[in-house]
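Structure first, then comments.
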Protein chains: 2
Amino acid sequence: MKLSTKGRYGLRAVLDIALHSEEEAVALSTIAERQSISISYLEQLIAKLKKAGIVSSTRGAKGGYILAKAPSMISVGEILRALEGNLDPVDCAEIVGGETTCNASDICVTKYVWKRISDSINSAVDNLMLSELVEESKARLKEGLDDKSMNDSMC
Amino acid sequence: MKLSTKGRYGLRAVLDIALHSEEEAVALSTIAERQSISISYLEQLIAKLKKAGIVSSTRGAKGGYILAKAPSMISVGEILRALEGNLDPVDCAEIVGGETTCNASDICVTKYVWKRISDSINSAVDNLMLSELVEESKARLKEGLDDKSMNDSMC
DNA sequence: CAAAAGACCAACTAAAATACTCGGAATTAA
DNA sequence: TTAATTCCGAGTATTTTAGTTGGTCTTTTG
């Protein structure tokens, strides 16, 4: 029941882009260094984010990444799902009402447990917008904490 | 971000015990067969449940397992944590307020995301009691669905 | 125009976690 | 005393995770 590094690194990367791409696109290598993530691994994560329409890129020298839309239009749920796949605690079609996989579906009681967990996770992350994280970060930076110490945090 | 078979099988096992141990203790082999779970794997899961004080056992012939307390006193959260370890989405001390691991803690913004997810999962499972699942199961059985088809459900 | 900076892509690999299996010892009812 | 059962520790196969490697395509800039 753990988020993988995909979700953890990826969210940090998006936040990094949100905070640093106002003037110009940020290069993968810059994010990787600032966040202490392997550049080639990060590449894969950003690819997912791009495919999901969360970030957009410009190639070539001076290229890099920016957000594809306003941070207030990007939910944390959207980001995490792009990176991790769905956030459901089990891969059970019934959770979303399908009838395919688990065909003894309507007598499956534990599925209500999974649905309950699923709903709570999704509503938690879908109601949290990237913009809120951006505001929080900026507020903390203003309190005199420099950018560098910011990036050392591993959570 | 998936529950492992430990949590899935284990919860089904506890529910099985709750539903079948009113007269006499249920043997591991019975649960395993009824739930289509490998007996020797299930053994390990039940051991965790026992250590957590959720089930209790009697050894020897005619032995088996019963619940260690009333189903209304056992939360689904308690069961899942016994099986899976904590349900936090990341192993980050700061999530619970500690100061040990992640020492750039107070400038770590993503931790609020993890805390939010963590809280929502835990409150969802802690407010759901085993007794509710038992009631639900019994209600479904009364509707004419036999015990066997019940156990075929994989969720 | 060349060369550096950068995104993009597809495989490959090492390590860790998961999902088991196996062999036996201790306990108890019949 | 024997069959049924829990209990225990170790071993293993498979899958997933967390990367790495080596290269191609694109764009700016000297």
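Can you give the average number of partner chain beta-carbon atoms within 10 Å of each beta-carbon in peptide B:113-124, as a whole number?
Mean shielding by partner chains, rounded to a whole number: 6.
Interface residues of the stretch B:1-25, defined as a loss of at least 50 Å² in heavy-atom accessible area between the chain alone and the complex of all protein chains with a 1.4 Å probe, are B:M1, B:K2, B:L3. Stretching the chain fully between B:S36 and B:E24 yields a gain of 2.2 nm (0.36 nm per residue, less the alpha carbon separation).
In sequence order, the stretch B:14-30 has phi-based couplings of 4, 4, 4, 5, 4, 7, 10, 9, 5, 8, 9, 4, 9, 6, 3, 4, 5 Hz under the Karplus curve 6.51 cos²θ - 1.76 cosθ + 1.60, θ = phi - 60°, and Gly or Pro positions carry x. Chain A packed on chain B takes about 4100 Å² of accessible surface away from a 1.4 Å probe, both sides summed. Applying the Karplus relation 6.51 cos²θ - 1.76 cosθ + 1.60 with θ = phi - 60° to the stretch A:116-130 yields 3J(HN,Hα) values of 4, 5, 4, 4, 5, 5, 4, 5, 4, 7, 7, 9, 10, 9, 3 Hz, where x marks Gly and Pro. Placing +1 on the Cβ of every Lys and Arg and -1 on the Cβ of every Asp and Glu, with no other charges, gives the stretch B:44-86 a dipole of roughly 200 debye about its Cα centre. Per-residue Karplus couplings for the stretch A:46-53, computed as 6.51 cos²θ - 1.76 cosθ + 1.60 with θ equal to phi - 60°, are listed in order as 5, 4, 5, 5, 6, 4, 7, x Hz, Gly and Pro entered as x.
Between A:T5 and A:K69, what FRET efficiency follows from the Cβ-Cβ distance if R0 is 25 Å, with the result rounded to 0.05? With a Förster radius of 25 Å, E is 0.50. If the chain linking A:E135 and A:K51 were pulled fully straight, counting 0.36 nm for each residue of separation and taking away their Cα-Cα distance, it would gain 27.7 nm.
The values are calculated or read from the model by the stated rules, or taken from the named source; none is laboratory data. As the structure is a computational prediction, the values presented were derived from the model and not from experiment. Glycine gets a Cβ as well: all are built from the backbone with ideal geometry, and neighbour counts include every protein chain shown. With ligands, DNA and RNA removed, areas are computed over all heavy atoms of the protein, side chains included. Shrake-Rupley method; radii C 1.70, N 1.55, O 1.52, S 1.80 Å.
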